[in-house]
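Below is one structure, written out as structure tokens; comments come after it.
Where a number appears in this text, it was derived from the coordinates with a stated rule and is not lab data. Since this is a predicted model, take the numbers as computed values, not measurements. With ideal geometry, Cβ positions are generated from the backbone for all residues, glycine too; neighbour counts draw on all protein chains shown.
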Amino acid sequence: MSACRLDSLEKCLESHLPEPELAEVRRILFGKETPKLDLPECAIEAANEQDFELKGYMFDAKKEELRPPRRIRVGLIQHHIVLATENHILDQINAMHSRVGEMVKVAAMCGVNIVCFQETWTMPFAFCTREKEPWTEFAESAEVGNTTRFCQELAKKYNMVVISPILEREALHNTLWNTAVVISNSGNVLGKSRKNHIPRIGDFNESTYYMEGDTGHTVFQTQFGKIAVNICYGRHHPLNWFMYSMNGAEIIFNPSATVGDLSEPMWPIEARNAAIANHCFTCAINRVGTENFQNEFTSGDGKKAHHDFGHFYGSSYVAAPDGSRTPGLSRTRDGLLVVEMDLNLNQQISDKWSFKMTGRYPMYAEELSKAVRHDFKPNIVKE
């Protein structure tokens, strides 16, 4: 079977393992079982009509004597581009708005409080073609752009926080950024978070288009909890997750665009590791499909010129601080993952494992301050 045709790891296991072994494999792979979430029949029917996968799971926490539960629902949306890359730019954007708008409508039926889209969701992931035109024309204002206004309407209509990762054009200096716009359920733009780490690996050499972000590790206080957005390549940097957590993030979203040959073995591990290490929930979102471009491009790696980056493998999932995680969405289909979580679990697991309390941060800070100096000498003892 072609790798891009494998629907999901979970379905493969279900097809080949008897139930007793399957349950044990699930425990090892995914941690404590995440029960399925009962979703409204109207939402299931709408997802079927719109031809996208709909899954729901839940993470619970122990009942406490002093604090009531803090249950909220997040929605992760992964999708193909709707129109081929040679179509008119505005047509591509409008088609994407229409598609995702229908999926958000279903998320609202499922009671979602916070929805997050994939990285630069309004466009093909063209940043590695080395072409500036026409792809930079997709860039919009984070504050008043067409896509932000579209998301503001969704947020107000459905009383939902919307995380909208776009290609941002900052008009004052005419600079481009890879940016996630965070829109409150009131419809107001709460702020933005720019991509902290820019890949320079294989096809994914994106510094031609934008540089490392300048918004630091911003955390947004919403009605439904404190959230942060760690865009794509930042998931490979443990300290990046850590700093969002240090600023109080209870949920860290990781909107991404990554292909199988490059990163798939790392995908199920990194966001889960971050949830464990930082006593918070993490949400990993990846696009799906193979996006073809009219002009061939190379990566300077000696390989033949090509028209695509490979298969974007979806597999979006949510991980909890106790080490458990949901099964992923499909590797091949558009999908909406709805996850109910009790944010009290963060403190409960922190009290149990105490990674934050036992961290030696002053020692790390002192040694890091030395390590970044040009005259740094490693602390190595030799015979």
Exposure proxy order (Cβ contacts within 10 Å, fewest to most) of Cys151, Cys128 = Cys128, Cys151
message = In the chain, if the dipole is taken from +1 on Lys/Arg beta carbons and -1 on Asp/Glu beta carbons about the Cα centre, which of Ser98, Ala249, Ala180 is farthest to the positive end?
response = Ala249
Projected-area average for region 16-160 over all orientations - Cα convex hull basis, square nanometres = 13.4 nm²
query = R0 = 51 Å: FRET efficiency of Ala84 with Val381, Cβ-based, nearest 0.05?
reply = 0.25
key: Residues Arg71 and Lys105, FRET efficiency given R0 of 25 Å [Cβ-Cβ distance, rounded to 0.05]   = 0.70
query = Got the relative contact order for the chain handy, in percent, Cα pairs under 8 Å and 6 or more residues apart?
reply = 21 percent
ask   = Given the rule -39500 (n - 2.57) for each run of at least 4 DSSP H residues, summed and divided by the residues of the chain, what is its mean residue ellipticity at 222 nm, to the nearest 500 deg cm²/dmol?
value = -8500 deg cm²/dmol
request  = Hand me the trypsin sites (Lys or Arg not before Pro) from region 34-74 located in a DSSP loop with no more than 15 other Cβ atoms within 10 Å, in residue order please.
outcome  = Lys62, Lys63
query = What is the dipole size for the chain, taken about its Cα centre, with +1 at each Lys and Arg Cβ and -1 at each Asp and Glu Cβ, in debye to the nearest 20?
reply = 1080 debye
remark   = Among the Cα-Cα pairs of region 96-214, the proportion with separation greater than 22 Å, in percent, is 34 percent
remark   = Dividing the surface of the Cα convex hull of the chain by four yields a projected area in nm² of 23.3 nm²
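Given that compact globular proteins tend to follow 2.2 N^0.38 Å, what is the ratio of the alpha-carbon Rg of region 183-269 to that value? Please list the in-between numbers first.
Working: Rg = 14.0 Å, N = 87, 2.2 N^0.38 = 12.0 Å.
Normalised Rg, Cα atoms only: 1.16.
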ask   = So which trypsin sites (Lys or Arg not before Pro) in region 103-208 are both in a DSSP loop and have at most 14 other Cβ atoms within 10 Å of their Cβ?
value = Lys132
task = Give the distance, in whole Å, between the Cα centre of region 275-289 and the Cα centre of region 166-237.
result = 16 Å
key: Neighbour net charge for Gln152 - beta-carbon separation under 14 angstrom, K R +1, D E -1   = +1
key: Residues Val189, Val229, Val74, sorted so that the one with the fewest Cβ neighbours within 10 Å comes first   = Val189, Val74, Val229
query = Counting other Cβ atoms within 10 Å, which trypsin sites (Lys or Arg not before Pro) in region 310-383 have at most 10 and lie in a DSSP loop?
reply = Arg360, Arg373, Lys382
query = Could you give the dipole magnitude of region 159-209 about its Cα centre, charging the beta-carbon of Lys and Arg +1 and that of Asp and Glu -1, in debye to the nearest 20?
reply = 100 debye
task = Please list, in chain and number order, the residues 5+ apart from Leu190 or on another chain whose amide H is under 5 Å from its amide H, with Hs placed from the backbone.
result = Val182, Ile183, Ser184
note = Per region 18-104, sqrt(5λ) over the Cα gyration tensor eigenvalues, sorted largest first, in Å, gives 35, 20, 13
request  = Count the net charge of all other residues whose Cβ sits under 11 Å from the Cβ of Gly101, scoring Lys and Arg as +1 and Asp and Glu as -1.
outcome  = +1
request  = Taking the Cα centre of region 63-186 as origin, sum charge times position over the Cβ atoms of Lys and Arg (+1) and Asp and Glu (-1), and report the length of that vector in debye to the nearest 20.
outcome  = 700 debye
ask   = Looking only at Cα atoms, what is the convex hull volume of region 304-373 per residue, in Å³?
value = 178 Å³
request  = Sort Thr258, Thr298 so the one with the fewest other Cβ atoms within 10 Å of its own Cβ comes first.
outcome  = Thr298, Thr258
